[in-house]
Amino acid sequence: MRHKKVKNLDSRLAAVQDYLVTDIGGSALKVKETAAKYKGNWREYFASLQETAEPAASIGQATSTGQAASTGQAAPAGLSNPVESEIQHSTPIADTDSRRLYLELGCGKGKFINARALDDPDAYFVGIEGLDAVLVRGLERAKEARIANLRFVSAYVADIRDFFADGELDGIYLNFSDPWPKPRHEKRRFTYGDTLLKYRQILKPGGFVAFKTDNEDLFTFTLEEIERLGLTIEEMSRDLHSPDCTLAARRFTTEYEDKFSGKGKNINYVKIRF
Ligand SMILES: C[S@@+](CC[C@H](N)C(=O)[O-])C[C@H]1O[C@@H](n2cnc3c(N)ncnc32)[C@H](O)[C@@H]1O
């Protein structure tokens, strides 16, 4: 989806294409169709991305490397051939199937998922975002830091099961998801009960959903849905950044989290373990 206010969006997106899963996008039907090629194949896709010599840089550290060059490495059957450059995996790609795979749904400008991916180079990360005007910043961050284990999808998700096969993911991050405050829109909330059950389907047994929000009503709704479904809460805080809170979820923050906690707003957090 476009956004009128961002200048040079097309050229900025073109410069970071190698971090975008390029053939997913467009109409809902096209998204479903093309996402099906990746569904069940995400680890294979990441493993097909080329290793090169240069190590990943820190977030914010600009790269002097130029335009991407094709590696010529074949993609797995049914997948587009990724164009990669200046990218490396921290360890040899062996035992691909056992690598952990995480999703952030609605990743915005990608601060959180870039930092998570950089910190955990042996896992794979997918960020999905419906608005290119914000996603472009996430893509630029990944390219600047040459993060090999992170890729983004530009798509507005209707059913996440279009993108991931049963049991494919290790964890799902939902950060500051849109609240959809009107009761008639509750099915659109990312923590609506039926949607939580869809996440359970695409997670491995023992996988998790981690949810952060500034929105008290959405958090209360989420806790009610969790209780109604009899799901297991592993961690919870009504004030993640209070000095007393020691949860690891404090470590990687999002743009919205920084904005709201900077204004003194408490951040709600819950982690469901399936
Ligand atoms: C409030 S922002 C939070 C962004 C980021 N996670 C953060 O915490 O800073 C929610 C984001 O989710 C995206 N979003 C909402 N519904 C979506 C959907 N169905 N598919 C993909 N992205 C979606 C929006 O475009 C928006 O960028």
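Values quoted throughout were computed directly from the atomic coordinates according to the rules given, and no laboratory measurement underlies them. Just so it is clear, the model here is predicted, and its values are computed rather than measured. Virtual Cβ from ideal backbone geometry, glycine too; neighbours counted across all protein chains shown.
Quick one: if the Förster radius is 22 Å, what FRET efficiency do Thr232 and Arg161 give, using the C-beta to C-beta distance and rounding to 0.05?
For Thr232 and Arg161, the calculated efficiency is 0.55.
Along segment 30-40 the Karplus relation, 6.51 cos²θ - 1.76 cosθ + 1.60 evaluated at θ = phi - 60°, assigns HN-Hα couplings of 5, 4, 4, 5, 7, 4, 4, 6, 8, 3, x Hz to successive residues, with x for each Gly and Pro. Around the amide H of Gly171, modelled in the peptide plane, lie the amide H atoms of Leu101, Leu103, Phe208, all under 5 Å away and 5 or more residues distant in sequence or on another chain.
Summary of the geometry: segment 132-152 and segment 187-248, compared by the centres of their Cα atoms, lie 26 Å apart. Each residue of segment 248-253 was assigned a 3J(HN,Hα) from its phi angle through the Karplus expression (A = 6.51, B = -1.76, C = 1.60, θ = phi - 60°), giving 5, 5, 5, 5, 10, 9 Hz with x at Gly and Pro.
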